[in-house]
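The values are calculated or read from the model by the stated rules, or taken from the named source; none is laboratory data. Computed from a prediction, not measured in an experiment: that's the story for all the values here. Heads up, the Cβs are rebuilt from the backbone with ideal geometry, glycines too, and the neighbour counts pull from every protein chain shown. Just so you know, the surface numbers come from the protein's heavy atoms only, side chains and all, with ligands and any DNA or RNA stripped out. Shrake-Rupley method; radii C 1.70, N 1.55, O 1.52, S 1.80 Å.
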Amino acid sequence: MIGISVYAGMDNSIEEIVEYLNKARSFGVQTLFTSAHIPETDENFLEDLKILLEESSKLGFTTIIDISKNYFEKLDMGRYKIDYLRLDYGFTLEEAAKMTNEYDFGITVNATTFTSEDIENFIKFGGNVEKINACHNFYPRKGTGISEELFIERNKIFQRYGIKTMAFIPSRDGRRGPVYEGLPTLEKHRDVLPMVSAQHLFKLGVDFVVIGDAIASDEELESLTTLEKGVNVIPIKLNDNLSKVELELLNSIHTNRMDPGEYAIRSQESRLIKNGEIVPKNNRLPRNKYSVTIDNKEYKRYEGEFQILKKELPADERVNVVGDSGAGSILIDLLEPGEKFKFYIMED
C-alpha cells in the first residue's frame, strides 16, 4: 500500500540512498519509485542509478522506474529487478502495448493524462491490460497540483478496466529539489502530514500511495506503516497532565456513533470502557474546532463521553480538553457514522 521514492544524481549521495532503502525495508515498505528522467541530475546520475537498482533488486522492492526511450536503451534491463516501466518521452502507445507481450516487466501509464480512448487503443494494439497499472503525476511547484474532483474523475477511468492506481504524497521533512516545495499529486496535500494525505488518497479509491519526495523522516515512515485497513488513524497533539484513565481512552480504538451530534464526532464505546474516575482537569481551556474532549465526573452520566469537535464551542468545566487533532482535519471531516478511528500521538 505504501511506497517511497529515491532519485539518483540529485540531492542525496548514493550512500544516503542505499541507507534509506534499507531503512524503508525495515519499516515494511515494499514499493519503490525512481526516475531516469529528471533534467537537473548531475554527472554521477547513471552510475548511481545502476547502484540504486542493484540495491533495490537485492532488497526485493517492487520497483517502478520513470524512463525515457533514451535511457531505456542505455540500461541492461535483464540485470535488475524492475517490475514496471513508467514510459515517458519517446514511446508510442503501440510500442507500450508490444512491450507487455515481449518483456517480463509491466507498464505504468500516466493516470493523470491517460484517457479511456488511450486504453481502448492500447487494447487494439494487442496490449495486455493485466500487465499495466496507472500512476498519477506529482507537481513540484506550489499551486500546480490537481484537484480532488479531477483525481476522482481520472481514477474512475481505470477502475472500469480493473487497472490499479497509484498517487503521490509529499514529505514535510525531506523535500526534493530543485524547488523543495513538496511532490504531491493533489494540491491540497502539499503541507499536510503524510499519514493524513495517504489515508485521504485511500478513501478516494487509490490502490498505492508513494512518498514523492526523498528522503522521508523516520517518524513519517513509522506513521505511514502503522496505518490499518478499516481504521482512521488521526494525529493528535496531547495537552499536559493527562490522567491514566484519559490516556487509556486516547489509546483505544473508537467507533463514531451511528447518530453523531451535529457538532462532534462521538465515541460509541468510551463511556463503557473508561477504567476509573475522570477528574476535572484542562477544563477551562477553549474548545476549538478539532479539539478532543472527555467529559469529567461533573457531567454525571456522561462521564467518559469522548468527542472530536467539528465546531468551536465555549469552555465547559464539565469537559476536559485533552488534545488537538487539527492536523487530521481532512480525515475528521470525512468520518462517517459507524467508522472506526484511533489516534497517533505526535511528539512536540
#### Entry: Residue in the stretch 8-28 that is modelled with the lowest pLDDT, counting only those that are surrounded by 15 or more Cβ atoms within 10 Å (Cβ to Cβ) and among the charged types (D, E, K, R)
D11
### Query
What's the number of the condition S5 fails, among (1) hydroxyl-bearing (S, T, Y); (2) open to solvent by less than 60 Å² (accessible area, probe 1.4 Å); (3) assigned to a loop (DSSP other than H, G, I, E, B)?
(3)
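Inside the stretch 74-93, can you point out the residues that are part of a loop (DSSP other than H, G, I, E, B) and either among the polar types (S, T, N, Q) or under 26 Å from K124 (Cβ atoms) (or both)? Show your work before the answer.
The initial filter retains those residues of the stretch 74-93 that are part of a loop (DSSP other than H, G, I, E, B), namely 75-76, 80-83, 88-92.
Hits for the stretch 74-93 are D83, D88, Y89, G90, F91, T92.
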### Message
Report every pair of residues separated by at least 6 positions or lying on different chains whose Cβ atoms are under 6 Å apart, first residue within the stretch 283-305 and at positive phi and in the same structural domain as R266 (by the TED database), second part of a loop (DSSP other than H, G, I, E, B) and open to solvent by 30 Å² or more (accessible area, probe 1.4 Å).
### Response
G304/K274
### Count of the stretch 151-170 residues which are open to solvent by 50 Å² or more (accessible area, probe 1.4 Å) and over 21 Å from I4 (Cα atoms)
8
### Query
Could you say whether any residue in the stretch 291-298 is out of contact with any strand residue (DSSP E or B) (no Cβ under 6 Å at 6 or more places or on another chain) and open to solvent by less than 70 Å² (accessible area, probe 1.4 Å)?
no
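Which of the residues spanning the stretch 94-130 are outside any loop (DSSP other than H, G, I, E, B), of a type in the set (V, I, T) and open to solvent by 30 Å² or more (accessible area, probe 1.4 Å)?
Keep residues of the stretch 94-130 that are outside any loop (DSSP other than H, G, I, E, B), which gives 94-102, 106-110, 116-124, 129-130.
From what's left, of a type in the set (V, I, T): 100, 107-109, 119, 123, 129.
Residues satisfying the conditions are I123, V129.
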### Query
Using beta carbons and a limit of 6 Å, which pairs, at least six apart or on different chains, have the first residue in the stretch 90-108 and closer than 19 Å to S35 by Cβ and the second one part of a helix (DSSP H, G or I) and polar (S, T, N, Q)?
I107/T100
### Query
Among the residues of the stretch 74-93 satisfying the criterion of being of a type in the set (D, E, K, R) and closer than 24 Å to V18 by Cβ, which is surrounded by the most Cβ atoms within 10 Å (Cβ to Cβ)?
R86
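I want to confirm something. Restricting to the stretch 47-73 and keeping residues that are farther than 25 Å from V29 by Cβ and not in a loop (DSSP other than H, G, I, E, B), which single residue is most open to solvent (accessible area, probe 1.4 Å)? If you could, list the steps in order and put the result at the bottom.
Taking the stretch 47-73 as the starting set, the residues that turn out to be farther than 25 Å from V29 by Cβ are 68-70, 72-73.
Applying the additional criterion that residues be not in a loop (DSSP other than H, G, I, E, B) yields 69-70, 72-73.
Working: K69: 63, N70: 83, F72: 31, E73: 132 Å².
Among them, the one singled out is E73.
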### Message
If a residue must be in a helix (DSSP H, G or I) and open to solvent by 30 Å² or more (accessible area, probe 1.4 Å), how many such residues does the stretch 315-328 contain?
### Response
1
